[in-house]
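All remarks here apply to the structure that follows.
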Amino acid sequence: MTFTELFKTILTADKEQSRKAAREIRKFLYSSHSGGGGIKTFTYIIENATAEYAKIKEDWRQENFVMAVSVIYYLHDRENQPDFLFPWLFQLLQHKNGNIRHAAVRMVQHELGSLTYHIRFPGEKSSFHKFTPEQADIILFSLRANLNSLAANSWKDSYRKIKYVDHLPSGTYKSIQLILSLMDDYCSEVPAQTQTETKEQIFKRRKEIEQELVDMLKETESDFTLDHVRDAIYNEEDNDDMMKVVAMFDRGGDASELSNVLELVTDAWNYFPHKVLGGISPAEKLLEHHNQTKI
């Protein structure tokens, strides 16, 4: 059976045959006689995965298809657009099926290697991809914003007493934390995620950020005010709200200006209150969790 035939079996055969074909993908991929179109076939399947998945009605076939795609995902050729499947992967992270969520985690984590190359190896140019460090920063910024938003929406009070990610119950929140933990390992500057500050330190840093925002709004000649920024962060509801804050500063400046805006808005997002977090900031949420685990 060829690779193409295996995928056809996953999508059209009965439950048992589909399951067996999905589990044959990995073995077949690394065999010496794999055929059915080679790399072009793999990339075609990956690039059309979202549309193909939308046609699947059965939960068990969705699982088989996603697990099969996750095995070959690293073969995609969208090196200048590594996040091209992220909207679909965010959909999968919220699936009730744990195997599907786990496959989505693996696929997102795979992209973190190339996206953080410029952070882990500063000054060294990668021969594995063509996108710039500035493009990578924008993708990482958006990814973290979307993950934080989804984490806030999937948070449960019962998680307060859980100290380690591995001890979290299976679910969307745990899947997100697995991605964020690897992102934090790869990235050098993630203060809100890697250290616990006191309430006084958080309040002091928030005041500093407020002044920096006022200065940045003036520098970029924005029509928005500090109150607009605070309100947008407090009332955030979906995965795109963080980028709406960035847009308040957008005047079509160069890459260095955008990088400064991204860094400042990330700080504001971490230190300003959010309604979905009960009126406190992510930094305060982290402190609250830290204090709970000490009790």
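Pairs meeting the criteria (first residue in region 109-130 and in the same structural domain as Y74 (by TED's automatic domain parsing), second residue assigned to a loop (DSSP other than H, G, I, E, B) and of a type in the set (F, W, Y), beta carbons under 8 Å, at least 6 apart or on different chains) are S114/F128; Y117/F128. Residues of region 160-183 that are surrounded by fewer than 18 Cβ atoms within 10 Å (Cβ to Cβ) and aromatic (F, W, Y): Y164 alone.
So which residues in region 99-129 are in a loop (DSSP other than H, G, I, E, B) and surrounded by fewer than 19 Cβ atoms within 10 Å (Cβ to Cβ)?
If the condition is that a residue be in a loop (DSSP other than H, G, I, E, B) and surrounded by fewer than 19 Cβ atoms within 10 Å (Cβ to Cβ), then F121, P122, G123, E124, K125, S126, S127, F128, H129 are the ones that fit.
Restricting K15, K40, K55, K27 to residues that are loosely packed, with under 15 Cβ neighbours inside 10 Å, in the same structural domain as L92 (by TED's automatic domain parsing), modelled with pLDDT of 95 or more and not hydroxyl-bearing (S, T, Y) narrows the list to K15.
For the criterion of being of a type in the set (A, V, I, L, M) and at pLDDT 90 or above, L75 fails.
A single entry from V214, V190 fulfils the requirement of being modelled with pLDDT under 90 and surrounded by fewer than 19 Cβ atoms within 10 Å (Cβ to Cβ): V190. In region 52-93, the qualifying residues are those that are polar (S, T, N, Q) and in a helix (DSSP H, G or I), and the one that is farthest from the chain's Cα centre (by Cα) is N64. For region 96-120, a tally of residues being among the hydroxyl-bearing types (S, T, Y) and under 16 Å from Q62 (Cβ atoms) returns 0.
Given the criteria at pLDDT 80 or above, surrounded by fewer than 19 Cβ atoms within 10 Å (Cβ to Cβ), under 18 Å from the mean Cα position of the chain (by Cα) and over 21 Å from L258 (Cα atoms), does S142 qualify? No: the conditions fail for S142.
The values are calculated or read from the model by the stated rules, or taken from the named source; none is laboratory data. Predicted model only: the values in this text are computed from it and were never measured. Heads up, the Cβs are rebuilt from the backbone with ideal geometry, glycines too, and the neighbour counts pull from every protein chain shown.
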